[in-house]
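Here's the structure we're looking at; comments come further down.
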């Protein structure tokens, strides 16, 4: 199994909603990542978990809250988002830092 | 400040010909470079990489060339196939960045049949 599975594929939410994005991998990778990608822009790193501990937080606003319940799962909890947070949210995992395996992403629209 | 730049947002090539995608970087600490390919509605997939101790790495139809003095790398695809049509991202890392990747803005390659 060389897949990173993300759910949901699409999400529309209001600015007062609370929602969660989910990510799962069964490759035994110990590092998991959240990236944000706007149209025609490169992926931007948000968070890195290494061995289930948050190792990097790229100054992401607190309305984004990551969680790593175990080595296979990664969640991103969303609360009180702004319309400018609309983007493709990509989860990735890796055994070596550079060779990331990405999921298909969640296309998020904030109304 | 974009440390990894892909100055061509798009490139069209005839099937069977060579595709050359270019990438420039400004951070001299970068010592590992990768190319990722992205189809619509999918996440990026790793394609090929090169360490700064090399100037060329080849994998089938894909070859990456690194010119450290010019801070430039390129991806050659020969022969190009319609299935290669995708967005190609250049990425770089260094030990100083905890090996996290810095991506370029991508080049949309279209291979015409």
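What the table below lists for this structure:
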quantity	calculated
Matching residues, the stretch B:1-31, being within 14 Å of another protein chain (Cβ to nearest Cβ) and in a loop (DSSP other than H, G, I, E, B)	B:1, B:2, B:3, B:6, B:7, B:8, B:9, B:30, B:31
Residues satisfying the stated conditions in the stretch B:70-100, i.e. farther than 21 Å from residue B:9 by Cβ and either at pLDDT below 95 or within 14 Å of another protein chain (Cβ to nearest Cβ) (or both)	B:93, B:94, B:95, B:96, B:97, B:98, B:99, B:100
Hits in the stretch B:32-44 - residues which are surrounded by fewer than 17 Cβ atoms within 10 Å (Cβ to Cβ) and either facing chain A (nearest Cβ under 7 Å) or in contact with a helix residue (DSSP H, G or I) (Cβ under 7 Å, 6 or more places away or on another chain) (or both)	B:41, B:42
Of all residues in the stretch A:39-53 being exposed (fewer than 13 other Cβ atoms within 10 Å of the Cβ) and closer than 26 Å to residue B:2 by Cα, the one that is nearest to the other protein chains (Cβ to nearest Cβ)	A:40
Enumeration of residues in the stretch B:45-65 that are assigned to a loop (DSSP other than H, G, I, E, B) and under 11 Å from residue B:77 (Cβ atoms)	B:60, B:61
Some residue of the stretch B:25-40 being more than 12 Å from the chain's Cα centre (by Cα) and without any contact (Cβ under 8 Å) to a residue 12 or more places away in the chain	yes
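The values are calculated or read from the model by the stated rules, or taken from the named source; none is laboratory data. Just so it is clear, the structure is predicted and the values come from calculations on it, not from any experiment. No Cβ is skipped: glycine too gets one built from the backbone with ideal geometry, and neighbour counts run over all protein chains shown.
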